[in-house]
Structures are given as C-alpha cells and as structure tokens.
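The values are calculated or read from the model by the stated rules, or taken from the named source; none is laboratory data. This structure is a prediction, so every number in the text was calculated from the model and none was measured. Here the Cβ positions follow ideal geometry from the backbone for every residue, glycine too, while neighbour counts run over all protein chains shown.
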2 protein chains.
Amino acid sequence: MTHPFDVALALDSSPGSARGRTTPDYANMVGPFGGVTAAAVLRAIEQHPDRLGDPVSLTVNYAAPIADGPFDIELRAVRTNRTNQHWIAELVQDGETRTTATAVFGIRRDTWSDTETAPPAAPAPEHTAPLDISSFVTWMRNYDMRYVEGAVPGEDSGESADSTTTLWVRDQPPRPLDYPALTALCDVFYPRVFLRRGQMLPAGTISFTVYFHADAAALQRQEADYVLATARAQRFTGGFFDQTAQLWGRDDTLLAVTHQLVYFKA
Amino acid sequence: MTHPFDVALALDSSPGSARGRTTPDYANMVGPFGGVTAAAVLRAIEQHPDRLGDPVSLTVNYAAPIADGPFDIELRAVRTNRTNQHWIAELVQDGETRTTATAVFGIRRDTWSDTETAPPAAPAPEHTAPLDISSFVTWMRNYDMRYVEGAVPGEDSGESADSTTTLWVRDQPPRPLDYPALTALCDVFYPRVFLRRGQMLPAGTISFTVYFHADAAALQRQEADYVLATARAQRFTGGFFDQTAQLWGRDDTLLAVTHQLVYFKA
C-alpha cells in the first residue's frame, strides 16, 4: 500500500510543470496542510530532469488557499552554477497563483563542520505520551506526535509566558525520512500564538523557509525513526509573529533549521 | 547631497520593471554588497503603484554575481488579498537572472503583542570603539560599526568556539531608518565561518530572509540612531552554514529577525 504522504506527493511531471492533487488525508482547516504543499514543490524540483544536487534551501509563500482538487506546479531553473542551482516555482489553480516558492539545490562537499547548538533535553519518545490527535485537524492524523514541552493548549491551559514547543514526531505510519518528508515535518508545529494565549485563534503561515543541513547519508541514518522538533517565537506584533525551529535526529544530527512568519488575529 | 545609500537605490520605474545601477560605494569582493541588492528589490516593490501596505517578509536568493553597471528588477504582484500582497521579483542583467526574490507586504493591525526574547547585553555605542573599516571591503565604509562581541578576526585571532557577533551599527553618514536601510543592515554581518576559523575564507550568501517586525512608527522612532545587531550560526556542514540574527532598536524594539544560508570553503 502506498503511504498517504506519497499519495499526496504523486505528481505527473512534464517539462516546466508538475500536476498534483490534494488528498483528504492532509486536509487542514482551509485547504491542505502547508507542510505537504511545500513538500510537493520540493518533490517537483527533485523530479525535474535538469535538477542538480540535493535541497539546500526552500522558501514557500502561501498566497491564497488551495482548493480541493488538482493543481499545477510551474517551475523553472533560473540559474545553474557549477555546484548549485536556483529555482522559482508557482503553484497554480484555475489560472491563479496560490503559492510561490524559491529553492536552492546544491552539491555538498566534505568541509570543516560543526554544530554549535545542542538539542533540547527530552526523554526518549518511548517514554513520552503520544498525543491523541483524533480531535484535531485531519492532517495531524498522519503524524505520531509526542509532546515533551508546550503541547497544544486545552480549554483550561491558560496563557503561557514562553512559546516553546518541543516534540518527538514521525510519519504515521512510519516512513523512511527523505527531503520532502523533512520539509513537511518542519511545518508540524501548531501556531505559537495558541500556546501564548492558551486558546485557538485564527492564524496561518505566510512565509516558510527551510535550510537543509542533512545530507543524503544523514537522512538515511534516521530510517523511519522519530525526530526531535523544537520551535519558538521571538516577537508577536501587528498581527504577525515569527517562528524559529530546529529538527534533530535521534543521533543528535541537526537535520534542518526552519523559520516562518505567521499571520494571526488576537 | 544625496546619501550614498539613496544613490545606490535610485530606480527608474516602469510598469513591471525598475532599472537601477550598481554604485562603487557599495562594492563587495565580487559585485555589490548583497544587502544593498536586497534593499533595491524592496525599494522597487515599495515604489510600485499597486503596492499594498508595508514589508512583512522578504527572501532574496543570490543566483549569480551582479556585474558593475545597470540592472533591471522585473517584479509582479502575483496575489493581492485584503490585507496582504505577494510579490515575485528577478534581478536581470544581459537577459540572465542574477537574483530571485519573493516578498510579502501587508497592513499591520493593532493586536496583542509581546517580545519573547531580550537584546544581548551591550555598553552604549558611545562607549564602544568604532571599527576602522578602511582596510576592509568598500561597502563597509558606508556603515559605522561598533563591535561588542565577535569582531572581524585579525591575523592572530585564532579559532573561536562561538560564532556570535554583536555590534552597534548605523549608516555612515547617519540616515533615518526605513525598510530598505533595515534590510541592508540585516546583511551587515561578515560570514560566521571567519569567526569560527579565525580567518577569511571564500564564502557568500545564497539565500537571505528578513521578517520585518517594525511598523512605520517604530522605524521613525529610531531616527538615524544605532541599532544593535546580533547573529550566530547553528550548524556548518557540507560547505554551507546557516545564520540567524536579530536587529534591535536602542529602545529595545525588535525591529527585524533575519536568517541566511551561506556557502563556504574550508
């Protein structure tokens, strides 16, 4: 049986375009889960015959809701250098751009390397309670989420002074980690303003960026294991907040860092 | 006399395009300072007759060096919603895309607001030694830089275990802060790998993102004063590192957060 994530990412590619289709499995409040849209853009580039190397950075801007049904990802390698390649993509429905994206792919080289930050302290996922996601939006059912800190607020949670959320998370059912799956996991956090205000509020990601630190070998090492995802906001103002986050392998590899700007009403 | 920054940002705008020209004042090792290129893209959008609101987020990807001389910024509002607007831009020379960008502009509203992080401790700029920038790349002469921590390494600096740099910085000569100037200031940090390795090495920004938290009133309050800029890397690997940074007003306003992915050889 094809994994629901691969169903959501199935694309019919032709030169300069890839046709996909939303799937009910990844439905959000309005349109599909933004993480799966970003993953579809990345997959479209990966499948392009001119593609050079692996993902290095990706920025996706959510311009308008995506309707249930087919969509076209129009994509173009605007520049191919010796070791990296720059892409522009637009997700289009009914002749209207719903999502814009830019990406850099590149060839990684052996260099001096160092990780300056450390993962947050966390008990093993086996000792962390799984979230019962049956009462949440549909797309969350595709993830096994085990909150270590900053779980989704309930009715009596009250306000919080800190927007930090840390969780173990993996695809449900488990699926070997690859770049599209890592991309989607980077958007797995519920809006930080919920945690601060202790309640659900209208909120939606406007711009989403992933910097990929994992090379193909590091991804393969993760197999289908949990990753430790941690996120926080720095400032909420004027109806927008930023979020900055890290995704760690269980082997303490910093797989990706990711940032987003989110619209909210409060 | 026109400020050098405004000379660098002078654009002849026509529908869908804006023509600019590199200026010797902002020359980098190869091509112009990336911060001034990003600022020119932002300025082109600001001057577009269809523009809605103020900058919210900007991502600029540096695809190829910009040659000395004229350039065209081709830009397009792909989507205008009630309170925000999505842009795609490409900087073109000789028919080749040298830089890609996406941006979101929007109308800020009075909402619940909070700043979760605090600025780093720093003595006042008046008590911090100005950097003698005469021996550095040309563009740095347009900034009054006063390093609090992590100054540009000298010949005997040696390696550092921490990539953090914090400095007071403002335009030189002083100039009232606006969104383009803030954008350029977000790229004012020298590459973090220099600090870690204690030496200059080949390095260049590939992707650069700014999330603007300052509204027009907050910018105006800064006048032409110093801002406190602080940056660090999280991981160096495979020939790339990420940088995450904050720009603070002297009144402790978090004006912008900014992230970039940088190519390096070491």
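Listing for the model above:
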{"item": "Positions within the stretch A:171-195 being surrounded by 24 or more Cβ atoms within 10 Å (Cβ to Cβ) and over 29 Å from B:Val78 (Cβ atoms), in sequence order", "result": "A:Leu177, A:Leu195"}
{"item": "Enumeration of residues in the stretch B:3-27 that are more than 17 Å from the chain's Cα centre (by Cα), closer than 19 Å to B:Tyr179 by Cα and touching a residue at least 40 places away in the same chain (Cβ under 8 Å)", "result": "B:His3, B:Leu11, B:Ala18, B:Gly20"}
{"item": "Unique residue being in a loop (DSSP other than H, G, I, E, B), under 30 Å from A:Phe194 (Cβ atoms) and touching a residue at least 40 places away in the same chain (Cβ under 8 Å) when the list is B:Arg108, B:Arg82, B:Arg175", "result": "B:Arg108"}
{"item": "Any chance B:Arg109 is facing chain A (nearest Cβ under 10 Å), modelled with pLDDT of 95 or more and out of contact with any strand residue (DSSP E or B) (no Cβ under 9 Å at 6 or more places or on another chain)", "result": "yes"}
{"item": "Meets criteria (surrounded by 14 or more Cβ atoms within 10 Å (Cβ to Cβ), in contact (Cβ under 8 Å) with a residue 60 or more places away in the chain and more than 30 Å from A:Pro4 (Cα to Cα)) for A:Ser157", "result": "no"}
{"item": "Options A:Thr59, A:Thr97, A:Thr2, A:Thr37: the member that is buried (at least 23 other Cβ atoms within 10 Å of the Cβ) and not in a helix (DSSP H, G or I)", "result": "A:Thr59"}
{"item": "Qualifying residue in the stretch B:223-234 (condition: more than 19 Å from B:Gly35 (Cβ to Cβ) and either at pLDDT 95 or above or surrounded by 23 or more Cβ atoms within 10 Å (Cβ to Cβ) (or both))", "result": "yes"}
{"item": "The stretch B:80-102: number of residues that are in contact with a Ser or Thr (Cβ under 8 Å, 6 or more places away or on another chain) and either at the interface with chain A (Cβ under 8 Å from one of its Cβ atoms) or farther than 17 Å from B:Ile206 by Cα (or both)", "result": "7"}
{"item": "Tally of residues being closer than 22 Å to A:Pro130 by Cα, part of a loop (DSSP other than H, G, I, E, B) and either in contact (Cβ under 8 Å) with a residue 60 or more places away in the chain or out of contact with any Pro (no Cβ under 9 Å at 6 or more places or on another chain) (or both) across the stretch A:191-205", "result": "1"}
{"item": "Residue within the stretch A:206-219 that is surrounded by 17 or more Cβ atoms within 10 Å (Cβ to Cβ) and in a helix (DSSP H, G or I) present", "result": "yes"}
{"item": "Some residue of the stretch A:222-242 being out of contact with any Pro (no Cβ under 8 Å at 6 or more places or on another chain), within 19 Å of B:Asp242 (Cα to Cα) and away from chain B (no Cβ under 11 Å)", "result": "yes"}
{"item": "Some residue of the stretch A:163-175 being within 12 Å of chain B (Cβ to nearest Cβ) and within 18 Å of the chain's Cα centre (by Cα)", "result": "yes"}
{"item": "When residues of the stretch B:153-188 are limited to those that are among the polar types (S, T, N, Q) and modelled with pLDDT of 95 or more, the one nearest to B:Arg43 (Cα to Cα)", "result": "B:Thr183"}
{"item": "Filter result (facing another protein chain (nearest Cβ under 8 Å) and polar (S, T, N, Q)) within the stretch A:187-218", "result": "A:Ser207, A:Thr209"}
